[in-house]
Amino acid sequence: MTATTDGGTGAGSPPAAAATESTTVLPAADPAGQEQPHAAAERAIARATRHLLARQDAAGWWKGDLETNVTMDAEDLMLRQFLGIQDEKTTRAAALFIRTEQRPDGTWSTFHGGPAELSATIEAYVALRLAGDAPEAPHMAAAALWIREQGGIAAARVFTRIWLALFGWWKWDDLPELPPEIMYLPKWFPLNIYDFGCWARQTIVPLTVVSAKRPVRPAPFSLDELHTDPRRPGPRPAAPATGWDGLFQRLDKALHVYRRFALAPLRRTALRAAERWIIERQENDGCWGGIQPPAVYSVIALHLLGYDLGHPVLRAGLESLDRFAVWREDGARMIEACQSPVWDTCLAVIALADAGVAADHPALVKAADWMLDEQITRPGDWTVRRPELPPGGWAFEFHNDNYPDIDDTAEVVLALKRVRHPDPGRVETAIRRATRWNLGMQSRNGAWGAFDADNTSPFPNRLPFCDFGEVIDPPSADVTAHVVEMLAVLGRQHDPRTRRGIDWLLAEQEPSGAWFGRWGTNYVYGTGSVLPALVAAGLPVTHPAVRRAVAWLESVQNTDGGWGEDQRSYRDPEWIGRGATTPSQTAWALMALLAAGERESKAVERGVAWLVDNQRPDGSWDEPHFTGTGFPWDFSINYHLYRQVFPLTALGRYLRGEPFAPDGREG
């Protein structure tokens, strides 16, 4: 089936600084006035290179906006209401952004062009009421009507109802119980905190404090208009006792009973244990894990434990939250769920190097220096599963030493290998540390997850509390592929650990020929990650797995020549490989096809033409659609730099070939 496109426009890139001179030379058009494909691609590369170089920070890093959905902005306003730190400017700017994201039917979605989503709509509605929007205003009345039609607040996710319980809009008794005594569960026991993925662990620990304290700060208005029955907004019905969901619901009922009889001394010591755990994991910049949601809940938890807003821990935490704000030219204020400077920087270096920027270009050397300074050399939570492993990874964010990222570490190594640094010994030392750490984080099945090894317990996802998205961190094809590619570039393609990763990837290929994309959308991302890795590791382009993947990519190419895949593909198989054409997804498909030896194919020619034809005059591309993934379906991301780095990478490889030959030598 051939996918179709719907076009679409979106916000452009932030204004670029003065252009930095590129090393790429612009070719002339041919005498007939018509550029040949290679000449057109060369001109596009030159424009994109100038644009990307101009966006580099003086310190050496790149960072694009990380756009998610309005729940980040709504929860920021609710936090300020809860703590009593509202200010008119912030409230007005946040409300402006939330209003601009409202759909014509009065609802909010969680990704561009996506369907209405109940919890996001409830939280956005509440935030606008806190900002002063009247419930009878047309945009508010439309939202409230839709919410009631979907079952009202009672049908919302647990996290939404927790926020409402903080203000008395929902009963704590009608929420799942999360006792702080979970801190005492040993690391080998099911449902201990290290069975959860790091992002969930950082959220759940402070929420045990909130659940134990059950605070209520009376709200300035009621939300009766959001209940289907304002008098009795009861909880959801119980699942059958014969299934896992029913079993865990009954466990939750038992925990509610336990709450009434819990020994006070035991609870106090459990709360102290949670408090210590939270404070020990506060980063140097005041944040927790470099992620907005855990930081928000940690601030609330510590405040409930008696920390006043002037305490250094809370003061630093609140200041860190302000750094997640992106102020737009129209006066709106968008909250990032996270910031991605390490990820963006290594991808930018790869793009520029593959596009032909000299390996010793000052911009690349400066970026390498910044990345080298960011390498993490102290232990973090990953040592629970790997206590003897020396550190050496990189995180995703500016400050997140507790949770280095296997995927970032692999891509940083691939970036550093492209730079001719004046101190090669320093680079090689960093690469050796990183390689040792990534190899040590291999899971038992031969693959790699994002943050932890063997984080595969089936139980956390079953908890009634955990309905906010993926809460474990099992190995994925995209992360495993990036590690395999890193090892191949380092000449370790024959290492038994690399071979186990390759075997796992081959076994994970879908019958269609594609691979699932855990951290990018979706099968286009998975396939775009795996094919270059397998070929770099020595798999011949004639291998059946490679040919099946090529055939799948060609089968889902859009009629305009590009590729796109909607976030709905995570839930609905009809959307697999289908969606509006985007620059980043077109680039992923091209990178896979080029690695598979398809440089002269019609599919590649049409994909390159789409990128060239859709480039803006300043060298950038537009991409309103979300092509990044936090939690499949539940939390989607638009990385604003993806639209720049991946097309440049693909065009560079189209003209200059693969950056490294399969045997690990530069091509």
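The values are calculated or read from the model by the stated rules, or taken from the named source; none is laboratory data. Bear in mind that the values here come from a model prediction, so they are computed numbers and not experimental data. Methodologically, a virtual Cβ is constructed for each residue, glycine included, from the backbone with ideal geometry; neighbour enumeration extends over all protein chains shown.
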Handout entry: E101 modelled with pLDDT of 95 or more and surrounded by 21 or more Cβ atoms within 10 Å (Cβ to Cβ)
Key = no
Practice task
Pairs only if they're at least six apart or on different chains, beta carbon under 7 angstrom, first in segment 564-586 and within 27 Å of L651 (Cβ to Cβ), second at pLDDT below 95 and among the charged types (D, E, K, R); list them, first residue then second.
Solution key: A580/D6
Problem - Residues of segment 632-667 that turn out to be at pLDDT below 90 and either small (G, A, S) or more than 21 Å from G607 (Cα to Cα) (or both), as a count - result: 8
Practice task
Among the residues of segment 64-74, write down those that are charged (D, E, K, R) and crowded, with 22+ Cβ neighbours inside 10 Å.
Solution key: E67, D73
Handout entry: Selection count where residues are small (G, A, S) and either exposed (fewer than 15 other Cβ atoms within 10 Å of the Cβ) or farther than 23 Å from L83 by Cβ (or both), scope segment 209-230
Key = 1
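Does R272 meet the test of being assigned by TED's automatic domain parsing to the domain that holds P176 and touching a helix residue (DSSP H, G or I) at 6+ places or on another chain (Cβ under 8 Å)?
It is false that R272 is assigned by TED's automatic domain parsing to the domain that holds P176 and touching a helix residue (DSSP H, G or I) at 6+ places or on another chain (Cβ under 8 Å).
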Practice task
Find all pairs meeting these conditions: Cβ atoms under 7 angstrom apart; at least six residues apart or on different chains; first residue within segment 526-538 and on the phi > 0 side of the Ramachandran plot; second residue surrounded by fewer than 24 Cβ atoms within 10 Å (Cβ to Cβ).
Solution key: G538/Q493; G538/P662
Exercise for the section: Look through R378, R323 and report the one residue that is charged (D, E, K, R), farther than 22 Å from V413 by Cα and in contact (Cβ under 8 Å) with a residue 12 or more places away in the chain. Expected result: R323
Exercise for the section: Have a look at T435, T383, T409 and point out the one that is β-branched (V, I, T), crowded, with 19+ Cβ neighbours inside 10 Å and under 30 Å from G317 (Cβ atoms). Expected result: T409
Practice task
For L372, state whether it is closer than 23 Å to P474 by Cβ, free of Cβ contacts under 8 Å to residues at least 60 places away in the same chain and in a helix (DSSP H, G or I).
Solution key: no
Exercise for the section: For segment 357-366, indicate whether the set of residues that are of a type in the set (D, E), surrounded by fewer than 21 Cβ atoms within 10 Å (Cβ to Cβ) and farther than 30 Å from A46 by Cα is non-empty. Expected result: no
Completion exercise
Filter segment 295-334 for residues that are assigned to a loop (DSSP other than H, G, I, E, B), within 24 Å of the chain's Cα centre (by Cα) and not basic (K, R); the one that is farthest from I279 (Cα to Cα) is A332
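Could you check how many residues of segment 497-531 are of a type in the set (K, R), in a helix (DSSP H, G or I) and in contact with an Asp or Glu (Cβ under 7 Å, 6 or more places away or on another chain)?
0
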Exercise for the section: List the number of the failed condition for G425; all other conditions in (1) crowded, with 21+ Cβ neighbours inside 10 Å; (2) of a type in the set (G, A, S); (3) free of Cβ contacts under 8 Å to residues at least 12 places away in the same chain hold. Expected result: (1)
Exercise for the section: State whether the residues of segment 451-463 include one that is assigned to a loop (DSSP other than H, G, I, E, B), of a type in the set (S, T, N, Q) and farther than 23 Å from P532 by Cα. Expected result: yes
